[in-house]
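Structure first, commentary second.
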Amino acid sequence: MSVLTVLAPGLLTTVQDLGREGYGPIGVSASGAADALSLRVGNRLVGNPEGAAGIEMTLLGGQLQFSQDATIALTGADFGATLDERAVFQYSSISVKAGQIAKFGPTRSGARAYLCVRGGIVVPEFLGSRSTHLLSGLGGVEGRALRNGDVLPVGESTPLPPMTTLSQKLRAGAAPRKTIRVTRGPHWKNFSKATQENVLRQTYVVTEEANRMGIRLKGTQFELASGGEMITEGVSLGAIQVTPSGQPIILFVEQQTTGGYPKIANVIAADLSSVGQLRPRDEIRLELVTMETARALYREQENLLASWK
Amino acid sequence: MKDLLPRTITFQPASDQSLLIHFGKTISLNTHRQIVRFLKLLESEPVEGVKNLHPAYCSMLVEFDALKFGHAEIEALLAPYLGRLSQVRLPAARLREIPVCYGSEFGPDLAEVASIHKLSLDEIIRLHSSVTYTAFFLGFVPGFAYLGGLPAELATPRLASPRKSVPAGSVAIGGNQTGVYPASTPGGWRLIGRTPLKLFDPTVAHASFFEIGDEVRFVPISAEEFARMAAR
């Protein structure tokens, strides 16, 4: 069987697919690629179903060796990848020879880079997904980040042909945004008028506490007009929750499934992948849109992806 | 559509791909049972395009495919389910027993909880293991059940600053709730004991030891029994 051997793991490298659905009643969040768009595009470039498992690298990439000839694609942030010391292009399908080593360095753009390989990474599924859920130690390789010496099995390729290079239009459409669009959260009205006005005017800085569970932002203090801690309820992906510190956290792919803090806003579906590319010290702004606009933007993004044939 | 709904039930959009359904404003067993009925009904007659359900004390968060539905459409699809809740018969709750070694290194906060309430360690243990709790829902992390029914004398505020890491199996009190941490995670509840049981195992068919609606009792065990059970 064809395998990928981890020669150096990088900062935080995990196996991810599009996550596990339907386990909310037992407290399991979906997990899955932090930048799902990049994983989906990478999979299509190598002729995989969009939801095949690939490798997600964070801020600093590692080194991987291929046991057999393979077809791969690199998407997401630019980690200055090389193949046997030769620079390789992102966003196109690349042929790799048996024994070659792919090396990744520090990021030159966003937070996360993806490596997809034709056939997908076929670690065992847990609860219907190969995604690593670090917090609970399940999925991927033993529920943890990859280490030196890990051997990742590559699956049989499907009959889908690899795609050619991504068009500029599609690449631009999937490019990460620094102005993140949000809808009003369930507790918008609990916040003071001043906070409601300020939420959209201010610039936020992404703190060092930015991971797959959540992204803590630093901005002007948020003020509640009423109610501090609420009765614990389900929290949605991308919810912007305000803790007693007065600072916001964007709940992300490995989020806790329920929580008791007020949620002022929620990142729209179309911008979740952009959140996955936020790095510590990045500056972002929030833009409020209606539910209708949010849906239209999501449809537009999906149509753009579907138009790539 | 609205007249199909019991009056206490309201809808609130939570995001462009999720809807909060509120079943009441206060925590009660009646509200809890309504939520369990709704969950069971949706599990036996799934709605295509509903991706995930997050039951909680007084609400259910429904995550749906936003390419398929807007909020109005998903509300219209779910209203008939909500209108049928009174017809749903719930099976008798399962009783789940949790062996617990209280105090010492297993429950580093037991002494402080006792001193806050001016009770002896034994009285805290007796009170905590004297009642039957209800698993109102599972949330926070995989397999964590929010257990209601804590004797009022034991209600204790959460720690001012949460621990970065709590040992797996820790039995804890947070406000007027109790619970067991299934895995080593950060946690702000007060640790009074530990169970040797594994509460979440994704490699078996029923990954979670608890499920919503379970009745739960804690059974005190010695450190020797803990060691024996943990070795199994």
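The values are calculated or read from the model by the stated rules, or taken from the named source; none is laboratory data. No experiment lies behind these values; they were computed from the predicted model shown. For neighbour counting, all protein chains shown are included, and Cβ atoms are generated from backbone atoms with ideal geometry for every residue, glycine included. Heads up: the accessible areas ignore ligands, DNA and RNA and are worked out on the full protein's heavy atoms, side chains in. Shrake-Rupley method; radii C 1.70, N 1.55, O 1.52, S 1.80 Å.
What shape does the stretch B:95-230 take by its C-alpha gyration tensor, where a ≥ b ≥ c are the square roots of the eigenvalues and a/c under 1.5 counts as rounded, a/b above b/c as prolate, and the rest as oblate? Walk me through the numbers before you get to the answer.
Numbers: a/c = 1.39, a/b = 1.33, b/c = 1.05.
Rounded is the answer for the stretch B:95-230, as its axis ratio a/c remains below 1.5.
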Comparing B:Glu73, B:Glu63, B:Glu211 in a Gaussian network model of chain B (Cα, 10 Å), the one with the largest mean-square fluctuation is B:Glu73
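Report, in order of residue number, the helices in chain B meeting two criteria: a C-alpha extent of 15 Å or more along the helix axis, and a mean Kyte-Doolittle hydropathy of at least 0.0; treat each whole DSSP H run as one helix. Walk me through the intermediate numbers first.
Details: long enough: B:29-44 (22 Å, -0.09); B:71-83 (18 Å, 0.60).
Within chain B the helices that satisfy the rule are B:71-83.
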Listed residues A:Ser245, A:Ser109, A:Ser136; largest mean-square fluctuation, Gaussian network over chain A with Cα springs below 10 Å, found at A:Ser245
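Packing-wise, with mean Cβ within 10 Å as the measure, how do A:87-97, B:52-62 rank, highest first? Display every interim value, and only then the final one.
Working: A:87-97: 16.1, B:52-62: 25.7.
Ranked by mean Cβ neighbours within 10 Å, highest first: B:52-62, A:87-97.
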Interface buried area B-A, accessible surface with 1.4 Å probe, both sides summed, nearest 100 Å², comes to 3300 Å²
Inter-chain shielding metric for B:132-143, i.e. average beta-carbon neighbours from other chains within 10 angstrom, reads 6
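Roughly what % of DSSP beta bridges within the stretch A:179-306 run antiparallel, to the nearest 5?
Around 85 percent of the beta bridges assigned by DSSP in the stretch A:179-306 are antiparallel ones.
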Reduced to Cα centres, the span from the stretch B:197-231 to the stretch A:1-68 in Å works out to 32 Å
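Treating only the Cβ atoms of Lys and Arg (+1) and Asp and Glu (-1) as charged, compute the dipole magnitude of the stretch B:61-138 about its Cα centre; round to the nearest 20 debye. Don't jump to the answer; show the numbers that get you there.
Details: 7 positive and 10 negative charges, 93 e Å.
With only Lys, Arg, Asp and Glu charged at Cβ, the dipole is about 440 debye.
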Among A:Ala98, A:Trp188, A:Val117, the residue whose Cα sits farthest towards the positive end of the charge dipole of the stretch A:81-202 (+1 at Cβ of Lys and Arg, -1 at Cβ of Asp and Glu, taken about the Cα centre) is A:Trp188
Any trypsin sites (Lys or Arg not before Pro) in the stretch B:169-208 that lie in a DSSP loop and have at most 15 other Cβ atoms within 10 Å would be B:Lys198
Which of B:Ile192, B:Ile35, B:Ile74 fluctuates most in a GNM of chain B (C-alpha springs under 10 Å)? That residue is B:Ile74
A 1.4 Å probe over the protein heavy atoms gives chain A a carbon and sulfur accessible-area percentage of 52 percent
The distance between the Cα centres of the stretch A:221-284 and the stretch B:108-186, in whole Å, is 26 Å
Shielding of B:181-191 by other chains, given as the mean Cβ count within 10 Å, works out to 2
Magnitude of the Cβ-charge dipole (Lys and Arg +1, Asp and Glu -1) of chain B about the Cα centre, nearest 20 debye, reported as 240 debye
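Using per-residue counts of other Cβ atoms within 10 Å, averaged over each peptide, order A:31-43, A:185-197 from highest down.
Values: A:31-43: 27.5, A:185-197: 17.5.
Final packing ranking: A:31-43, A:185-197.
Pull up the DSSP beta bridges for the protein assembly as shown and report the antiparallel fraction as a percent, rounded to 5.
On the way: 90 of 100 bridges.
Approximately 90 percent, going by the DSSP bridge assignments.
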Expressed as a whole number, the average count of other chain Cβ atoms within 10 Å around the Cβ atoms of B:62-68 is 4
Dipole check, the stretch B:87-216, charges on Cβ (K,R +1; D,E -1), about Cα centroid: among B:Ile173, B:His206, B:Thr195 the Cα furthest to the positive pole belongs to B:His206
Given unit charges at Cβ for Lys, Arg (+) and Asp, Glu (-), the dipole magnitude of the stretch A:10-113 about its Cα centre in debye, nearest 20, is 100 debye
Taking chain A, the lysine pairs whose C-alpha atoms sit under 19 Å apart (8 or more places apart or on different chains) add up to 6
In chain A, taking the dipole from +1 charges on Lys and Arg beta carbons and -1 charges on Asp and Glu beta carbons about the Cα centre, the listed residue (A:Val3, A:His133, A:Pro176) farthest towards the positive end is A:Pro176
In whole Hz, the Karplus estimates of ³J(HN,Hα) for the stretch A:156-168 (6.51, -1.76, 1.60; θ = phi - 60°; x where Gly or Pro) are 6, 6, 8, x, 5, x, x, 8, 7, 3, 5, 5, 4
With only helices counted (DSSP H, runs n ≥ 4, each -39500 (n - 2.57)), the per-residue ellipticity at 222 nm for the protein assembly as shown, to the nearest 500, works out to -5500 deg cm²/dmol
